[in-house]
1. ALA139: net charge of surrounding residues, Cβ under 13 Å, Lys/Arg +1, Asp/Glu -1, itself excluded?
2. Can you pull the percent of segment 162-209's accessible area that's carbon plus sulfur, 1.4 Å probe, other chains left in place?
3. May I ask which of LYS138/LYS190; LYS169/LYS194; LYS138/LYS204; LYS7/LYS140 have a Cα-Cα span longer than 18 Å here?
4. Enter the accessible area of GLU137 (Å², nearest 10), with the probe set to 1.4 Å and all protein chains included.
5. Using heavy-atom solvent-accessible surface (probe 1.4 Å) with all chains present, what is the largest-first order of ASP39, ASP192?
6. Provide the per-residue ³J(HN,Hα) series for segment 27-33, in order, calculated from phi with Karplus coefficients 6.51, -1.76, 1.60 and θ = phi - 60°, each as a whole number of Hz, with x at glycine and proline positions.
Amino acid sequence: GPNTFGKDNVNASMQRYQKLQAASPDLQNSANGLTQALDVLNTGVKTGRGSAEYANIQGLMNTFGIPVGKSDAENYQLLHKYLANSAANYAAQAGYSGSDARLAASSAGQPNSDTMNPGSLRESLLFARAQQLGALEKAKAAARYIATTGDYAGYPQYEAKWNAAYDPKAAYYRTLPEADKKAYLSHLSKSDAKAIATSLSELKQLGAWNGH
């Protein structure tokens, strides 16, 4: 009957909740790892022939334990694929449809003049880290919700609201260094910028970032 379905729904939702809580230390460690990778990328950038930027690609690959390829083009491709898949995995782990993350995964593996540069790699690193931190924030906010309300039966509704409010681009914007935020917004359409503002506002109402 309807009650059984309700119970099953709550049980399934609570299983996802427990899984996310259990994954929190790993999410934090992974986010820290990507922060270190960003440092490696930043320190590895130097001026080469024709003032071209050169990233410490092999250093980055060692950071993630990815076997080094035969050429710079192959290494860029391997790194982008790895980061895009990471972003998709963390979005899925947090219970999102992950369509944005999957889109990133499908396009990021193709090397072209845009992806063959440190700036593009940095964006991939920041995007993957943002999805990890987004999943971590969901875990924290959900824990606060349960702790303050004790309302396990209402958790599926809370989770559905969070998932509907979450926008991977908003998580990316939120975790960008302050200096990058303005530049990022300036490249967005009005509707995308509005979607980010709406997502952040709704997530705060659900307890993200302690409502700040």
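The values are calculated or read from the model by the stated rules, or taken from the named source; none is laboratory data. For clarity, every value in this text was computed on a predicted model and none was experimentally measured. Heads up, the Cβs are rebuilt from the backbone with ideal geometry, glycines too, and the neighbour counts pull from every protein chain shown. Just so you know, the surface numbers come from the protein's heavy atoms only, side chains and all, with ligands and any DNA or RNA stripped out. Shrake-Rupley method; radii C 1.70, N 1.55, O 1.52, S 1.80 Å.
1. Overall, the nearby charge balance is +2.
2. Values: 1470 of 2650 Å².
Whole-percent figure for carbon plus sulfur exposure: 55.
3. Details: LYS138/LYS190 27 Å; LYS169/LYS194 11 Å; LYS138/LYS204 11 Å; LYS7/LYS140 24 Å.
Pairs exceeding the cut-off: LYS138/LYS190; LYS7/LYS140.
4. 20
5. On the way: ASP39 85, ASP192 55 Å².
Correct descending sequence by accessible area is ASP39, ASP192.
6. In residue order, the calculated couplings are 4, 5, 4, 5, 4, 4, x Hz.
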